[in-house]
Amino acid sequence: MATRSCLCIFTLLLVAFQSTMMNANTVLPSPRCSPVLASTREMFQYALNLHIYKAVLFLGSSVGRKINDISPDLVEGPAPIGVTLANLGNLPRRFIEESGLASVGHIRAIADIESLRTPLPMPQLDIRPQVFAKFFDVINVTQNPPFNTYANTNSFLFAAAYASYFLKQYYAGIIPSIVGNPEQELATEIALYEAASYGVIRSLLNDRENLAVPLYTFTVGNVTNLTAQIGNQLGGCGVKDEGLTVPLALGAENRTTNNVIPADVNSLSYKQTALEILRIVFITGNATKAGGIFPNGFVGTLYKRIVALKQS
């Protein structure tokens, strides 16, 4: 029968062996692409910026309404710049309105579960057409006239896809770190909704893949490839978005070029960290250099800590 000291020595050797194997076989991401350490409350507060952006964009562009028109005194802060009623077809308009209304519910659910005092502070949003046009400047694509996301359904769906994409990717990344069963459930329920919302928008884009974007020579499929390239370049952590069509070698199980739902080699959802998303929405490629859609940065302690630590 083994003595207690022998068992202890064996346990220590086993732990040391496992630790060595983990170190030998684990490739840790660079700090630039690693998650930022945050509490559950901070992660939800960060997400509120993205939920507010989506609600403002979707409600304003579809029916010309604001968050407080739907849920009085839920938010307060600077008025959004540039939100415009978009020239949408009937079916896309109904879905965009529905998804905007759902975003209001998500905002309220987060406030409730985290016992956040309402009205919640809003970030400054700049969603003028020229801000969306700046995304194309990242890859030196000239638009003549400048891209106007509100001009028609084909143009608007790109902005709509980004709004749901940010939330889907963010929740996919933070769910394992959420503490508390009710909080885990809420994060999962929101993530499932956002994944479905993103899927609907990608399906609407796919239906239009070969149609021209009015006033330009490129098609919806062309622009979807470009916006994926822009997001990947700004995010700075590899491929996290893809166009509607990919080479066969990159399709699901290497058997299709169809790519309505972007995913990795095993068809698992991509995820993005807080830093990656900031680099994209700021259109600066730098998580501490505010601009673009959020000219004054995000609201919340997590963003303040990122800036203070200069985690670009």
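The values are calculated or read from the model by the stated rules, or taken from the named source; none is laboratory data. Quick caveat: nothing in here was measured; it's all calculated off a predicted structure. Backbone-built Cβ (ideal geometry, glycine too); neighbour counts: all protein chains shown. Ligands, DNA and RNA are stripped out before the accessible areas are found, and what is left, the full protein with its side chains, is counted by its heavy atoms. Shrake-Rupley method; radii C 1.70, N 1.55, O 1.52, S 1.80 Å.
Among the residues of the range 72-88, those identified as surrounded by fewer than 18 Cβ atoms within 10 Å (Cβ to Cβ) and either assigned to a loop (DSSP other than H, G, I, E, B) or more than 22 Å from the chain's Cα centre (by Cα) (or both) are PRO72, ASP73, GLU76, GLY77, PRO78, ALA79, GLY82, THR84, LEU85, ASN87. Output the residues belonging to the range 265-287 that are exposed (fewer than 14 other Cβ atoms within 10 Å of the Cβ) and either over 24 Å from ALA191 (Cα atoms) or of a type in the set (Gly, Ala, Ser) (or both). Across the range 265-287, the qualifying residue is only SER267. All conditions in (1) open to solvent by 30 Å² or more (accessible area, probe 1.4 Å); (2) touching a residue at least 24 places away in the same chain (Cβ under 8 Å); (3) farther than 17 Å from ALA161 by Cβ; (4) out of contact with any Gly (no Cβ under 6 Å at 6 or more places or on another chain) hold for ARG93, with the sole exception of (3).
In the range 290-304, the residues that are within 11 Å of ILE277 (Cβ to Cβ) reach residues that are part of a loop (DSSP other than H, G, I, E, B) and of a type in the set (Val, Ile, Thr) with C-beta atoms within less than 7 angstrom, at least six apart or across chains, in these pairs: ILE293/ILE127. Residues in the range 61-71 that are touching a Lys or Arg at 6+ places or on another chain (Cβ under 9 Å) and open to solvent by 10 Å² or more (accessible area, probe 1.4 Å): VAL63, SER71.
Condition check ((1) hydroxyl-bearing (Ser, Thr, Tyr); (2) at pLDDT 95 or above) across all residues:
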residue: ASN181; (1), (2): no, yes
residue: GLN184; (1), (2): no, yes
residue: ALA191; (1), (2): no, yes
residue: LEU204; (1), (2): no, yes
residue: ALA212; (1), (2): no, no
residue: TYR216; (1), (2): yes, no
residue: VAL223; (1), (2): no, no
residue: THR227; (1), (2): yes, no
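For the range 214-233, residues that are open to solvent by less than 30 Å² (accessible area, probe 1.4 Å), of a type in the set (Ser, Thr, Tyr) and touching a strand residue (DSSP E or B) at 6+ places or on another chain (Cβ under 9 Å) total 1. At pLDDT 95 or above, closer than 17 Å to GLN169 by Cα and surrounded by 14 or more Cβ atoms within 10 Å (Cβ to Cβ): is that true of ALA290 in this structure? No, not satisfied. Scanning the range 235-264 for residues that are open to solvent by less than 40 Å² (accessible area, probe 1.4 Å) and of a type in the set (A, V, I, L, M, F, W, C) turns up CYS237, LEU244, VAL246, VAL260, ALA263.
When the range 223-262 is filtered for residues that are assigned to a loop (DSSP other than H, G, I, E, B) and farther than 27 Å from LEU302 by Cβ, the ones remaining, listed by number, are GLU242, GLY243, LEU244, VAL246, PRO247, GLY251, ARG255, THR256, THR257, ASN259, VAL260, ILE261. When the range 44-59 is examined, which residues are found to be closer than 19 Å to SER164 by Cβ and open to solvent by 10 Å² or more (accessible area, probe 1.4 Å)? Of everything in the range 44-59, those that are closer than 19 Å to SER164 by Cβ and open to solvent by 10 Å² or more (accessible area, probe 1.4 Å) turn out to be LEU48, VAL56.
For the range 90-111, what are the residues that are closer than 20 Å to PRO72 by Cβ and touching a Leu at 6+ places or on another chain (Cβ under 9 Å)? Those that are closer than 20 Å to PRO72 by Cβ and touching a Leu at 6+ places or on another chain (Cβ under 9 Å): GLU97, GLY100, LEU101, SER103, VAL104, HIS106, ILE107, ARG108, ALA109, ILE110, ALA111. Scanning the range 249-261 for residues that are touching a helix residue (DSSP H, G or I) at 6+ places or on another chain (Cβ under 9 Å) and free of Cβ contacts under 8 Å to residues at least 60 places away in the same chain returns ASN254, ARG255, THR256, THR257, ASN258, ASN259. Of everything in the range 293-312 that is modelled with pLDDT of 95 or more and in a loop (DSSP other than H, G, I, E, B), the residue that is most open to solvent (accessible area, probe 1.4 Å) is ASN296. Can you name every residue in the range 28-66 that is on the phi < 0 side of the Ramachandran plot, at pLDDT 95 or above and assigned to a loop (DSSP other than H, G, I, E, B)? Within the range 28-66, ALA38, SER39, ARG65, LYS66 meet the criteria.
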